[in-house]
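The values are calculated or read from the model by the stated rules, or taken from the named source; none is laboratory data. Fair warning: this is a prediction, and the values are worked out from it, not measured in the lab. All Cβ positions, glycine included, derive from the backbone under ideal geometry; neighbour counts span all protein chains shown. Quick note on the areas: whole protein, heavy atoms, side chains included, nothing else; ligands and nucleic acids left out. Shrake-Rupley method; radii C 1.70, N 1.55, O 1.52, S 1.80 Å.
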Amino acid sequence: MNTASDLPELVLRLSRLAEAEGWSQGLNPAQGAALAYLGRANRFSRSPSHLADWLGATRGTVSQTLKALAARGLVAEVPSPRDRRSISYALTDTGLAAVS
């Protein structure tokens, strides 16, 4: 593998390795990706809709992913002080340790 034509195969391999790592931490790949995103996102980008856009997933899927992470104590809901309908998510200390 020494040519540019091998690049797609290498990218696919890296993607598979990243997915396998998510499972090795006891999380499915979507949960691992969500946790990693929340670990890097600023406070304005931690809403379920931002996460759904970043993951390329539906809001329903992201909602279930966030509920599972919350049940494991990795994330916590943060209500908006200005809009009672709006929430965002923050990593808990356990979640921070998981992404470190």
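Data table
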read-out: Conditions (1) open to solvent by less than 60 Å² (accessible area, probe 1.4 Å); (2) more than 14 Å from the chain's Cα centre (by Cα): number failed by Ala76; value: (2)
read-out: Which listed residue is hydroxyl-bearing (Ser, Thr, Tyr) and open to solvent by less than 50 Å² (accessible area, probe 1.4 Å), from Thr3, Thr65, Thr61; value: Thr65
read-out: Residue within the range 25-47 that is open to solvent by 60 Å² or more (accessible area, probe 1.4 Å) and touching a residue at least 60 places away in the same chain (Cβ under 8 Å) present; value: yes
read-out: Residue among Ala70, Ala18, Ala36, Ala52 that is small (Gly, Ala, Ser), at pLDDT below 90 and within 13 Å of the chain's Cα centre (by Cα); value: Ala18
read-out: Residue pairs meeting the criteria (Cβ under 9 Å; at least 6 apart or on separate chains; first under 11 Å from Ala30 (Cβ atoms), in the range 55-72; second among the charged types (D, E, K, R) and not in a helix (DSSP H, G or I)); value: Leu66/Glu77
read-out: Output for the range 73-100, where each listed residue is closer than 16 Å to Gly26 by Cβ and touching a Ser or Thr at 6+ places or on another chain (Cβ under 6 Å); value: Gly73, Leu74
read-out: Criterion: out of contact with any Leu (no Cβ under 9 Å at 6 or more places or on another chain), surrounded by fewer than 19 Cβ atoms within 10 Å (Cβ to Cβ) and in a loop (DSSP other than H, G, I, E, B) - qualifying residue of Asp83, Asp53; value: Asp83
